[in-house]
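**Q** I have a structure here, written as structure tokens, and I will follow up with some questions on it.
The values are calculated or read from the model by the stated rules, or taken from the named source; none is laboratory data. Just so you know, these numbers come straight off a predicted model, no measurement behind them. Glycine gets a Cβ as well: all are built from the backbone with ideal geometry, and neighbour counts include every protein chain shown. These area figures cover heavy atoms from the full protein model, side chains too; ligands, DNA and RNA do not enter into them. Shrake-Rupley method; radii C 1.70, N 1.55, O 1.52, S 1.80 Å.
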Amino acid sequence: GVLAALYDEYGQRLLELNVRSYLQARGKVNKGIMETLFETPERFLAYNNGITIVAEEMKTGKLTDGSLGITGIKGLQIVNGGQTTASIHRSSKKEKTGKYKDRAADLAKVSVQAKITVIEPNKFEELVPLISKFSNTQNKVTEVDLRANHPFHTGIERVSRKMWAPGEKCMWYYERARGSYQTDKAREATTPAKKKEFEIRYPTSQRFTPTDLAKYSNCWNQHPYIASKGGQKSFVYFMQDIGKKDDDWQPSDEEYKAHVGRSILYKDIYKICREVGYKGQQVHCCNYTVALITNRTAKRVNLQQIWNRQSISEALEQNVREWAPLIMKEMADSAGTRNPTEWYKDPKCWEVVQRMSIPLSSELQAEL
């Protein structure tokens, strides 16, 4: 209620030092704020990150009810939380259209956490822009972060920590939670020798993430246009196919090796696509090349053999080197006047590539 009243009186003057103005209720985040205010106002404190305030001076003392609190603030500015503040103000008025038409939120149930920093007047111009900048550039929580605790991902992680690659000198590291590779490395690398030991056991080239696994699987399952839509959308699509898993689920050794085999297949083909000269487009070239390989072989590429070798075979590599330029040319030519990057995200592009008349080499067919 206090925030709504302040915004009602001062409006955008409260946010003059903020790096963003109110983005209205059209965005996903602001729609979510409005929904919480109207549907579950008592949960707003738990769901919302709160606001960041700077001030020149703050006074504390006894309030009218006898409790201690803030009695006055001078030079108040909201440097992070403008969307929250404006949304609360908007919800205090009856909505004119939309889902909550003719309704106003019950702000008596709404609590907002606030961080208040009092800054000396002579340092105001120096510090406030920095506080505003940094508090508005936190790492966002992604769909991948939210689903990192799914039993599928925890199961893959458990096996990755105990399954040695052939030769038992190194392992593949499944980075289920973003940043865990560096965190584990920092925790274990208490000496230069232990740091080297960690890097030998888990080479950075053998680190793969949930978005990586989703991309590799989508290409293997012949959905290259999904993989080309980017990590988040590719991951969401992949998770729809996972289905329910028990909390103690984990892949069999063969399933895990197949996941790593697909990782190696993708990584090796990606390197080839980059080498043959498709910088900037190598991801799309790789997505479609992997998909066409699995399409023409009916997924009979020997993933166990790839796991054993920790690389693709010479026959498969040679086949990819011949195919990749042809596939990329077909993709680019079929785009016509359309934006090529958007065309690669279209299932119709995949239909065009599937119609290509390029045979598998006899050497590759022999090892399927």
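**Q** State the Cα centre-to-centre distance between segment 273-309 and segment 29-70 in whole Å.
**A** 53
**Q** On to the next question. What nm distance separates the two modelled labels at Lys245 and Leu127, each placed 7 Å from Cα along Cα→Cβ?
**A** Result: 4.7 nm between the two label points.
**Q** Please compare each pair in Lys257/Lys299; Lys62/Lys94; Lys96/Lys229; Lys133/Lys196; Lys109/Lys133 to a cut-off of 26 Å on the Cα-Cα distance and tell me which ones are over it.
**A** Table pairs above 26 Å Cα-Cα are Lys62/Lys94; Lys96/Lys229; Lys133/Lys196; Lys109/Lys133.
**Q** Next question. May I ask what percent, to the nearest 5, of DSSP beta bridges between residues of the chain are antiparallel?
**A** On the way: 10 of 18 bridges.
Counting only bridges with both partners in the chain, antiparallel ones make up about 55 percent.
**Q** Continuing with this model, one more query. May I ask for the equivalent-ellipsoid semi-axes of segment 71-153, computed as the square root of five times each C-alpha gyration tensor eigenvalue and listed largest first in whole Å?
**A** Semi-axis lengths for segment 71-153 are 30, 26, 12 Å.
**Q** Calculated FRET efficiency, Gln305 and Thr337, Cβ-Cβ r, R0 30 Å, to nearest 0.05?
**A** It comes to 0.10.
**Q** Among 292-299, 275-282, how do they line up by average Cβ neighbours within 10 Å per residue, starting with the highest?
**A** The peptides rank, most packed first, as 292-299, 275-282.
**Q** Give the share of C-alpha pairs in each 10 angstrom bin for the chain, from 0 to the last occupied bin, in whole percents, shortest bins first.
**A** Calculated over all Cα pairs of the chain, the distribution is 4, 18, 21, 19, 17, 14, 6, 1, 0 percent.
**Q** Out of the total accessible area of segment 210-368 (probe 1.4 Å, heavy atoms of protein only), what percent is carbon and sulfur?
**A** 44
**Q** May I ask you to rank Lys62, Lys244 by accessible area, largest first, using a 1.4 Å probe over the protein chains only?
**A** Lys244, Lys62
**Q** Moving to a separate point now. Mean Kyte-Doolittle hydropathy of 0.5 or higher plus an axial Cα length of 30 Å or more: which whole DSSP H helices in the chain meet both?
**A** Helices meeting the criterion: none.
**Q** Let me ask another. Excluding Val110 itself, what net charge comes from residues whose Cβ is under 14 Å from its Cβ, given Lys and Arg +1 and Asp and Glu -1?
**A** Value of the local net charge: -1.
**Q** Show that you can apply the helix-only estimate: for the chain, add -39,500 (n - 2.57) for every DSSP H stretch of four or more residues, divide by all residues, and state [θ] at 222 nm to the nearest 500.
**A** Here the helix-only value at 222 nm equals -15500 deg cm²/dmol.
**Q** Have a look at Asn287, Asn221, Asn122 and tell me which one the Gaussian network model of the chain (Cα, springs below 10 Å) gives the largest fluctuation.
**A** Asn122
**Q** Glu120 to Ala5: FRET efficiency via 1/(1 + (r/R0)^6), r the Cβ-Cβ distance, R0 30 Å, to the nearest 0.05?
**A** 0.60
**Q** Which peptide among 195-202, 50-57 comes first, and what is the full order, when sorted by highest mean count of other Cβ atoms within 10 Å?
**A** The peptides rank, most packed first, as 50-57, 195-202.
**Q** Separate question: Mind running the shape call on segment 230-325? Use the C-alpha gyration tensor, a ≥ b ≥ c as the square roots of the eigenvalues: rounded below 1.5 for a/c, prolate if a/b tops b/c, oblate otherwise. Walk me through the intermediate numbers first.
**A** Working: a/c = 2.31, a/b = 1.43, b/c = 1.62.
Here segment 230-325 falls in the oblate category.
**Q** Mind ranking 301-314, 204-217 by how tightly packed they are, going by the mean number of other C-beta atoms within 10 angstrom, highest first?
**A** 204-217, 301-314
**Q** Once amide H atoms are built 1.01 Å from N in the peptide plane, which residues 5 or more positions from Ile116, or in another chain, come under 5 Å H to H?
**A** Ile53
**Q** Can you check what the net charge comes to around Thr71, using other residues whose Cβ is under 11 Å from the Cβ of Thr71 (Lys, Arg +1; Asp, Glu -1)?
**A** +2
**Q** Also, I was wondering about something else. Run the simple label-point estimate for Gln365 and Lys329 please: 7 Å along Cα→C-beta, distance reported in nm.
**A** Inter-label distance under the simple model: 2.3 nm.
**Q** Note down the nm distance, to one decimal, between modelled labels 7 Å out along Cα→Cβ at Lys31 and at Leu146.
**A** 1.2
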